[in-house]
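First up is the structure itself, then whatever we jot down about it.
Every number here is computed from the coordinates shown, using simple stated rules; none is lab data. Since this is a predicted model, take the numbers as computed values, not measurements. Counting neighbours? That spans all protein chains shown, and the Cβs are built from the backbone with ideal geometry, glycine included.
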């Protein structure tokens with residue numbers, strides 16, 4: 001359709017119409033900007049102006065409600081409720097607005113209305129992990145545990161990142177690990193190991209062991225390193241028998257080829273049949289600069305492999321490994337044995353084994369080996385204290401005090417074991 005623009009009057013009319021449209025657009029843009037600026041400012045007075053400019057904007061009312069609800073100097077719960085009510089009136093399909101309204105009702109002590117608002121949030125967005133999570137936690141606070149656990153489990157199906165919080169909240173709700181496993185956590189390795197980590201952090205070894213059994217019941221492979229914190233936790237809680245049993249179970253579950261220590265020894269991999277695992281009940285080793293490790297054939301009748309350490313002579317090295325944490329019993333006598341030799345070990349401070357209570361003090365040390373020594377057993381006998389459940393067995397070398405103190409040479413170790421010494425009356429039975 002063509003408009004006749006001949007003559008001054010039609011052109012003037014078109015110009016006026018265009019100016020009015022531009023003015024209206026500019027006014028609306030300025031109004032929208034002012035309202036958005038007020039909402040985003042986070043200040044009460046500007047948010048109130050935004051509400052006045054756009055009274056049908058649910059977002060503005062929601063922001064006003066939050067400011068009224070969480071103003072710690074002058075909170076106004078009723079004003080917050082009224083603001084949220086205006087927000088849901090503007091957009092009844094916003095799950096977020098309904099959750100905000102529920103929070104305000106709960107803060108005001110109106111639990112029935114709070115739950116009704118959460119029902120509306122769930123109806124608006126039934127697949128939302130956030131809605132299910134908030135609903136579940138609300139129910140836990142009302143001690144409606146079974147319903148709350150069901151909602152939290154629904155949230156976990158959509159958002160696994162909530163697992164750590166779900167574990168802690170569920171545990172604090174009633175302290176029943178079995179109920180948590182059956183009603184909240186998914187039956188998978190990730191959830192179970194996160195639960196074990198949590199119970200270790202809050203010093204609940206009995207709960208850790210319950211979850212560990214669920215891990216074993218899955219009959220699914222996992223990385224052995226995943227169990228290291230669990231084993232450390234059991235040892236730190238003075239549970240030597242459980243730590244040793246869990247370690248054996250973990251080796252079987254991960255399909256790792258191994259043999260339990262022979263002849264009653266408590267040292268794992270004392271014959272160095274496999275590489276260091278650097279965790280659990282195996283050897284741990286973080287080599288310092290200037291120390292190299294290798295394996296060679298062990299002397300006859302002392303296992304199949306020997307550990308060799310070469311010292312380059314570039315530093316006055318302090319040696320605190322390889323080391324192994326060994327669960328033991330209190331008030332028990334033990335004998336430690338290691339077959340060792342050295343070659344051209346310099347300085348007056350050589351290598352030896354140190355056996356110490358992992359929490360308290362040194363229990364025993366073998367002889368200080370320097371220079372060149374032929375293969376010979378190094379043994380020491382000691383009795384643990386009434387509080388000792390864990391020993392730190394390590395190869396040790398203290399820094400030398402000599403002027404020419406750079407350590408060079410080599411040391412070999414084979415056939416390491418630690419065994420309890422039976423009391424005479426027990427041995428005679």
(message) For the stretch 362-415, take every pair of Cα atoms, bin their distances at 10 Å starting from 0, and report each bin as a whole percent.
(response) 15, 43, 29, 11, 1
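Using only the Cα atoms, what convex hull volume per residue in Å³ does the stretch 128-180 have? If you can, show how the numbers build up before the last one.
Working: hull volume 3.2 nm³, N = 53.
Enclosed volume per residue, from the Cα hull, is 61 Å³.
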(request) Based on the mean of other Cβ atoms within 10 Å per residue, sort peptides 78-90, 324-336 so the most packed one is first. (result) 78-90, 324-336
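Based on the Kirkwood radius over alpha-carbon pairs, what value in µm²/s does the Stokes-Einstein equation return for the translational diffusion coefficient of the stretch 385-424 at 4 °C and 1.567 mPa s? All intermediate terms of the calculation are to be shown ahead of the outcome.
On the way: Rh = 14.7 Å.
Here the translational diffusion coefficient equals 88 µm²/s.
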(request) For the stretch 53-142, just say rounded, prolate or oblate: build the C-alpha gyration tensor, square-root its eigenvalues into a ≥ b ≥ c, call rounded for a/c under 1.5, and beyond that prolate if a/b exceeds b/c, oblate if not. (result) oblate
(message) Give me the one-decimal nm value for the distance between modelled label points at residue 304 and residue 147, 7 Å along each residue's Cα-to-Cβ direction.
(response) 6.4 nm
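Over the stretch 291-427, consider all pairs of different Cα atoms and compute the Kirkwood hydrodynamic radius from their mean reciprocal separation; express it in Å, one decimal. Before the final figure, lay out each step's value.
Numbers: mean 1/r = 0.0634 Å⁻¹.
Kirkwood radius, the stretch 291-427: 15.8 Å.
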(request) Based on the mean of other Cβ atoms within 10 Å per residue, sort peptides 127-139, 276-288 so the most packed one is first. (result) 127-139, 276-288
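Take the alpha carbon atoms of the stretch 187-258, find their radius of gyration, then divide it by 2.2 N^0.38 Å using N residues; give the quotient. Spell out each step's value before the answer.
Details: Rg = 11.1 Å, N = 72, 2.2 N^0.38 = 11.2 Å.
Normalised Rg, Cα atoms only: 0.99.
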(message) Counting other beta carbons within 10 Å of each residue's own, what order do 346, 383 fall into, fewest first?
(response) 383, 346
